[in-house]
Structures are given as C-alpha cells and as structure tokens.
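The values are calculated or read from the model by the stated rules, or taken from the named source; none is laboratory data. Not measured: the values here are computed from a predicted model. With ideal geometry, Cβ positions are generated from the backbone for all residues, glycine too; neighbour counts draw on all protein chains shown. Heavy atoms of the whole protein, side chains included, go into the accessibility calculation; ligands, DNA and RNA do not. Shrake-Rupley method; radii C 1.70, N 1.55, O 1.52, S 1.80 Å.
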Amino acid sequence: MKKKLTFIARILIAVILIFTLMRGLLLLANAEYFSSLSISEILLAFAHGIRFDLSIMVALLALPILLLFIPLTFFSSRIWYQITAWICFAVLLLAILALAMDIVFFQHSQRHVGAELAQMQSDTAYIISMLKTYWLAVIGFIVFVILFAKIWQKWFLIASTSDQKNSIPQYWQTLVALPFVVLVILLIIRGGLFTGKPLMVINAFISDSNELANLTLNGVYTGIRVSMSSNNASHYEHHHFSDQDIQKELGITKDYPFEQRYKNKQNHPNIIVLQIESLNYEFIDALGKKNYGVTPYLDDLVAKSMVYDNFYSAGQRSIIGLQAIWTGIPALLGFPTVDKGLSTYKITQIAKLARQNGYKTLFAQTSKRASFRIDALANSVGFEHYWGMEDIGDLQLDYPQGTKPHFGYDYETLMLLQNKIKTHFISNPQQPVLMSFFSGTTHSPYIRLPKQFEKYPYQIDGVNGMLNSIAYLDWSLQQFIEGLRKETWFNNTIFIITADHPSASYVSKQAQYNELFHIPLIIYSENTDLVQAKRVQEIRSQLDLMPTMADLMGLDESISALGTSLWKPNKHLMINNMGYLTGSLNQQGYIKTDLSKLVGTNLSTEQSKQLYQQLLMTDQRVAESLQANKWAR
C-alpha cells in the first residue's frame with residue numbers, strides 16, 4: 001500500500017513542478033501584461049493555480065491511478081507500474097505541449113486558450129503548417145522529450161516492484177483503500193471542499209484583477225473545460241429574470257425577441273463585404289494616426305466613406321466575428337458557435353433570403369475551403385457559391401515563400417472573385433450580387449512577400465510582419481476595387497470593409513477593455529445616394545452588419561439579429577465574447593462576467609449594476625429563444 005501511495009504522490013509532485021515551471025514561463029513571456037501584479041499576488045497565483053493544475057490533470061489520470069487499487073495481482077505487478085508510469089508520462093507530455101502552445105497563444109490574445117484547443121485538433125492541415133513553420137521549435141521539443149523521458153525513467157522505474165502475489169491482508173487493504181482513493185480523486189477534480197460547487201474557470205477570479213486570474217489559470221484547464229461546456233448550454237445559468245421584468249426593462253418579447261423587417265426598395269445594390277483578418281483600427285493611418293505608412297489606399301477610401309470610429313467585434317476569434325456579421329448572433333457562453341452546431345437552431349439565412357430576392361451570392365476565403373470551418377458558416381447562411389485556396393490557380397505574383405501558406409494569398413483570391421463577378425455580370429447584367437471575402441495574409445505566421453511590400457524588416461510573428469502584410473492587403477484591395485470601377489454596375493455597389501477581430505498582440509497591455517474589440521468599419525460607394533461620406537461616433541458592433549445588409553438590399557423579409565441596421569437607431573445591447581467570459585460596453589464603460597458575478601468593470605457601482613442587469617436580460621432572451629427554436633421564423 002505504501003508503494004502505491006508513494007507512486008501516486010510522485011505523479012502529483014511531477015504535475016505540480018511542471019505546471020509551476022510552465023506558469024513561470026508564462027509570467028516571463030508576458031512580463032509586461034503581468035507587470036501590475038505585486039510579489040504577493042504572483043505567489044498567490046502560483047499557489048492558487050495548483051488547484052486548477054491538479055484538478056484537470058487528476059481528471060485525465062484518474063483511470064490508470066484507480067486501476068492500481070483493483071485487488072488483482074496484475075495491477076500490483078511491476079509491469080503494470082511501468083505501464084501506468086508511461087501512460088502518465090504521455091498524458092503529461094501532451095499537457096506540456098498544450099501549455100507551451102498556450103503561452104504563445106496568450107502573447108497574441110492576452111487570454112488562455114478556450115474552444116480553440118478543440119478547433120485546432122480538428123484542423124490537421126493547420127497543425128502540419130505550424131509544425132513546418134516552427135520546425136526549430138519542433139526539434140527542440142523532441143530533444144526535450146528525450147531528456148524528459150530519461151528523468152521520468154529515473155523518477156519512477158529504477159526502483160523495481162515485486163511481482164509476487166499479494167497476500168490476503170494486502171488484498172483487503174487495497175479493497176478498503178479504493179473508495180477513499182475515489183473520494184480523494186473526486187475532491188481534487190472538484191477543487192476541494194472550499195465551496196459546494198465544483199471548480200470552474202470563474203473561481204480563478206478571486207479579485208477584479210484579470211492578470212491575477214490569468215496567471216492562476218492554465219491552458220490545459222481552460223481549453224478542456226471551455227471545450228466541454230461549449231456544447232452544453234445548461235452548464236451556464238441563462239435564466240435570471242421573469243418575462244415581465246425583461247419586457248419592462250428592455251421592451252422585448254419572449255418569442256422572436258429580436259425579429260425585424262426592412263422595407264422593399266426599387267433599387268437593389270450590390271453588397272461586397274470584405275472581412276480582414278486581425279485588422280486593428282489603429283493600423284489604418286487615416287483612423288489610428290500612427291503613421292505606419294502601409295495603408296495609402298484605405299486612407300484615401302476613408303475620406304470618401306461612411307466610417308464608424310467606435311465599431312467593435314463580437315469576440316476574439318474569426319468564427320465568432322464572422323458568425324456575428326452573417327447571423328447577428330453573439331457567441332453565448334455554453335452555446336456552440338456556427339461551426340460547432342449553432343446552425344442546428346433556426347437562424348436567419350441572410351444569403352438564402354438574398355437569393356430568394358434575386359441576388360447572386362458568392363463567398364471566398366484565402367485559406368483552404370474547410371479551414372476553420374468557414375465553409376460551414378457559408379453553407380449555414382445560404383451562400384450559393386464558395387471558394388478557397390484550392391481554387392485560385394497559379395500564383396500571379398512572385399512570392400519568395402514559394403509554397404502556398406496555410407492562410408493563403410489575399411491578392412490571388414480577390415482576383416478570383418473579381419473574375420467571378422465580372423463573368424456573372426456579362427451573362428446576368430441585371431442580377432445584383434451579395435459577396436463575402438475573408439482574408440488571411442494578415443494572420444501570423446506572416447509570409448514573405450514581394451519586395452515592394454516589405455516596408456519593414458521581415459518578422460514571422462512580430463509587428464513588422466503584420467505591417468508588411470497590411471501593405472500587401474491594402475494594395476490587393478486597391479487592385480480589386482479599382483479593377484471594378486469601370487464596370488457599369490460599379491455605381492450601384494456598396495463595399496463594407498471591416499475585420500473579424502483585432503489582433504490582441506498589438507493592443508497595449510494597459511489598454512482598456514474596448515481596445516480588445518476595436519476594429520475599423522468603412523462603408524464606401526461611389527454613389528452618394530447610397531452612402532454619404534461622414535465620420536460616425538456612435539458605438540456599434542458586428543452584430544449590426546447583417547441587418548444593415550438586409551436594409552440596404554431592401555429585403556422585405558422577417559430577419560432576427562441582436563443588432564440593428566446602421567441606418568436605424570441602435571436598439572439592443574452588444575455582447576462581446578472573451579472565451580470563458582462575456583461582456584458588454586457602452587459610452588460610459590464596460591463590464592465582464594461569467595453570468596454569475598461581475599469580474600471586471602470601470603463603471604460606478606450603480607452604472608455597472610444597471611449594465612450587468614441589461615446584459616443578463618439580453619443573454620437570457622437570446623439563449624431562451626435559441627433553445628425554444630424561436631429565434632427566427
């Protein structure tokens with residue numbers, strides 16, 4: 001019995017040591033982000049973090065540990081100890097790899113991985129691409145695995161374990177110990193007896209310090225817990241208020257609460273939506289005034305466009321941003337995103353409605369067709385035609401990189417769409433177009449570009465690589481839009497240029513909440529009867545774009561979205577997703593919550609209480625209508 005307990009203790013010690021080391025690396029790699037923490041807070045995070053480390057790892061290792069206490073000779077044999085040790089080694093090795101990836105992810109997003117962990121597992125091509133790009137790191141990890149295996153062998157396997165059969169008293173010891181071991185394992189997984197509820201991500205927020213909570217958490221815990229709960233809405237409490245209270249406060253009904261309808265119009269303009277990967281508001285010089293010198297075309301376009309200076313994304317992942325743009329539905333805690341099953345609910349299929357009203361619908365992304373399941377999004381909202389990197393043909397520019405990268409090429413994809421649109425109007429000059437383009441070149445790791453776009457020394461991950469990619473994107477947009485200007489139908493075309501989300505890597509570590517979601521929105525048309533050039537300071541979000549399209553296209557159809565057309569007064573609260581938290585902002589400030597309590601705000605007590613109540617009510621209405629399949633008709 002002593003040998004079994006010693007064996008388990010060594011496993012737990014190994015878990016604590018490794019996770020503590022990785023937490024230290026997270027701290028060093030993100031020193032600026034965590035700079036506000038005092039020494040005592042850092043020590044508190046390291047100590048409190050052990051609860052989360054043990055909780056997730058004991059859950060993963062529970063089965064091989066429990067088998068040690070089965071009262072059969074084999075489970076006390078030397079060979080079983082060796083098997084168990086190497087199973088634990090393999091699981092811990094995978095955890096180390098996940099933690100290393102989480103450190104890199106944190107540098108880009110200022111949060112731990114959530115549902116991205118499951119998403120990456122399902123995208124083999126992306127994983128292979130990353131392995132090729134960071135081949136030196138792969139070699140380093142292989143060397144580490146060899147050294148770690150040697151240490152592990154000495155730690156567990158040098159001392160031999162007797163193969164002799166257990167005596168009867170030892171069998172009884174094992175049998176008696178088993179329920180106590182089960183109890184201890186369950187307590188560790190639940191996070192102890194500190195509260196009556198099991199340990200959750202929100203338990204890391206023991207103060208209003210996000211930095212303290214993020215240092216406490218680890219990527220293995222958040223990745224698995226958030227992925228597990230992302231398809232389980234009941235994991236979160238979405239039902240806080242009576243229908244009467246919500247009706248009184250927000251003025252929205254229980255069934256089809258966000259239904260809206262726009263007037264039919266004689267003119268049906270072409271709508272071209274250009275969604276740029278990770279484009280921060282500040283990178284466009286005419287907006288951010290940073291003088292990066294990489295957006296001359298967009299700068300010129302800003303002066304001729306309707307520009308929203310306070311426009312925000314619905315989340316920090318591409319699929320969440322595109323979901324908000326095309327469905328008008330935010331990413332709710334516990335609910336699947338559109339690539340994971342949201343389309344099983346009855347949602348507004350804006351592209352299908354456009355087709356039914358005479359539009360041709362086209363969608364292309366620069367990455368491969370199935371990358372990040374953007375194909376699922378396009379299908380779910382009714383796009384008729386869809387293309388990806390497989391369809392661009394030969395490269396038209398001389399790229400130093402040679403081979404096609406995982407995120408593709410903006411220019412060639414835009415030229416593909418340009419050709420598709422021109423071909424369409426030759427055969428169908430009277431049929432308007434709804435088109436969507438999703439870029440990828442501004443996603444790290446950044447590719448080597450032709451010399452004309454290397455405005456700064458090349459970096460595969462740093463800001464220089466991003467700026468060069470934006471210079472290339474800016475030129476590509478110019479070739480696309482100006483290549484259409486001579487067409488007879490150009491005067492009846494509206495271009496909507498925005499981003500899926502900002503890149504948190506290039507947001508100041510001391511930035512306010514809103515900067516984590518701040519993206520550009522440029523709406524341009526040569527026809528001033530369609531769009532007038534002006535700067536708008538009103539706070540709006542991606543959730544407003546689908547209703548805006550319906551309004552501009554003159555779709556006299558029932559649609560449902562949390563947002564409202566930009567041509568109409570804003571009626572509803574915006575919801576921002578931060579992985580395992582949700583939040584909202586208005587002119588006064590912001591709040592963040594896990595739906596059970598506030599975990600961050602810069603508002604006064606009264607203001608935060610009011611916004612928090614409105615957020616919970618809005619969340620409840622969205623959740624209940626989706627669950628009842630009464631979101632859209």
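Things to note:
- The set of residues from segment 470-515 being in contact with a Lys or Arg (Cβ under 9 Å, 6 or more places away or on another chain) and surrounded by fewer than 23 Cβ atoms within 10 Å (Cβ to Cβ) comprises Ala471, Gly483, Leu484, Glu487, Ala504, Tyr513.
- Residue within segment 241-260 that is in a strand (DSSP E or B), open to solvent by 10 Å² or more (accessible area, probe 1.4 Å) and modelled with pLDDT of 95 or more present: yes
- Any hit, segment 475-491, residues being more than 21 Å from Thr366 (Cα to Cα) and of a type in the set (S, T, N, Q): yes
- Annotation note: of Leu603, Leu543, the sole residue that is under 18 Å from the mean Cα position of the chain (by Cα) and touching a residue at least 12 places away in the same chain (Cβ under 8 Å) is Leu543.
- When segment 560-588 is filtered for residues that are in contact (Cβ under 8 Å) with a residue 24 or more places away in the chain and over 24 Å from Tyr236 (Cβ atoms), the ones remaining, listed by number, are Thr564, Ser565, Leu566, Asn570, Gln587.
- Only residues that are charged (D, E, K, R) and at pLDDT 90 or above were counted in segment 3-37, giving 1.
- For segment 404-411, the condition holds for at least one residue, the condition being that it is of a type in the set (D, E, K, R), buried (at least 18 other Cβ atoms within 10 Å of the Cβ), modelled with pLDDT of 90 or more and in a helix (DSSP H, G or I).
- Candidates Tyr236, Tyr292 - the one that is at pLDDT 95 or above and either over 25 Å from Phe383 (Cβ atoms) or among the aliphatic types (A, V, I, L, M) (or both): Tyr292
- Boolean, Lys150 is modelled with pLDDT of 85 or more and of a type in the set (Lys, Arg): yes
- Residue check, Lys422 surrounded by fewer than 14 Cβ atoms within 10 Å (Cβ to Cβ), in contact (Cβ under 8 Å) with a residue 40 or more places away in the chain and in contact with a Gly (Cβ under 9 Å, 6 or more places away or on another chain): yes
- Checked against the criterion of being farther than 22 Å from Leu199 by Cα and of a type in the set (Asp, Glu), the candidates Glu41, Glu32 yield just one match: Glu32.
- Test: residue in segment 158-174 that is surrounded by fewer than 16 Cβ atoms within 10 Å (Cβ to Cβ) and either under 30 Å from Ala623 (Cα atoms) or modelled with pLDDT of 75 or more (or both): no
- Pair list, Cβ under 8 Å, 6 or more apart: segment 134-145 residue under 17 Å from Tyr446 (Cβ atoms), other residue open to solvent by less than 80 Å² (accessible area, probe 1.4 Å) and not β-branched (Val, Ile, Thr): Tyr134/Pro445
- Counting only helices (runs of 4 or more DSSP H) wholly contained in segment 16-121, the ones carrying 3 or more residues that are open to solvent by 30 Å² or more (accessible area, probe 1.4 Å), closer than 30 Å to Val338 by Cβ and not acidic (Asp, Glu) occupy 78-109, 116-121.
- Cross-chain or 6+ apart pairs with Cβ under 8 Å, segment 353-370 first and β-branched (Val, Ile, Thr), then assigned to a strand (DSSP E or B) and modelled with pLDDT of 95 or more: Thr361/His385; Thr361/Val433; Thr361/Leu434; Thr361/Met435; Thr366/Phe438
- Residue ranges of helices (runs of 4 or more DSSP H) in segment 278-371 with at least 3 members closer than 30 Å to Asp556 by Cβ: 318-327, 350-356
- There is no residue in segment 435-457 that is more than 30 Å from Ile347 (Cβ to Cβ), surrounded by 15 or more Cβ atoms within 10 Å (Cβ to Cβ), under 25 Å from the mean Cα position of the chain (by Cα) and among the charged types (D, E, K, R).
- Among the residues of segment 516-547, those identified as open to solvent by less than 40 Å² (accessible area, probe 1.4 Å), more than 27 Å from Gly579 (Cβ to Cβ) and hydroxyl-bearing (Ser, Thr, Tyr) are Tyr524, Ser525.
- Conditions (1) within 19 Å of Leu521 (Cα to Cα); (2) modelled with pLDDT under 95; (3) of a type outside the set (Lys, Arg); (4) surrounded by fewer than 24 Cβ atoms within 10 Å (Cβ to Cβ): number failed by Gln316: (4)
- Close pairs (9 angstrom Cβ cut-off, 6 or more residues apart or separate chains): under 13 Å from Tyr297 (Cα atoms) in segment 471-496, open to solvent by 10 Å² or more (accessible area, probe 1.4 Å) and small (Gly, Ala, Ser) anywhere: Ala471/Gly293
- Pair list, Cβ < 6 Å and 6+ apart or interchain, from segment 518-535 residues that are under 16 Å from Ser565 (Cβ atoms) to residues that are among the small types (Gly, Ala, Ser): Ile523/Ser305; Val531/Ser525
- Yes/no for Met549 being assigned to a helix (DSSP H, G or I) and touching a strand residue (DSSP E or B) at 6+ places or on another chain (Cβ under 8 Å): yes
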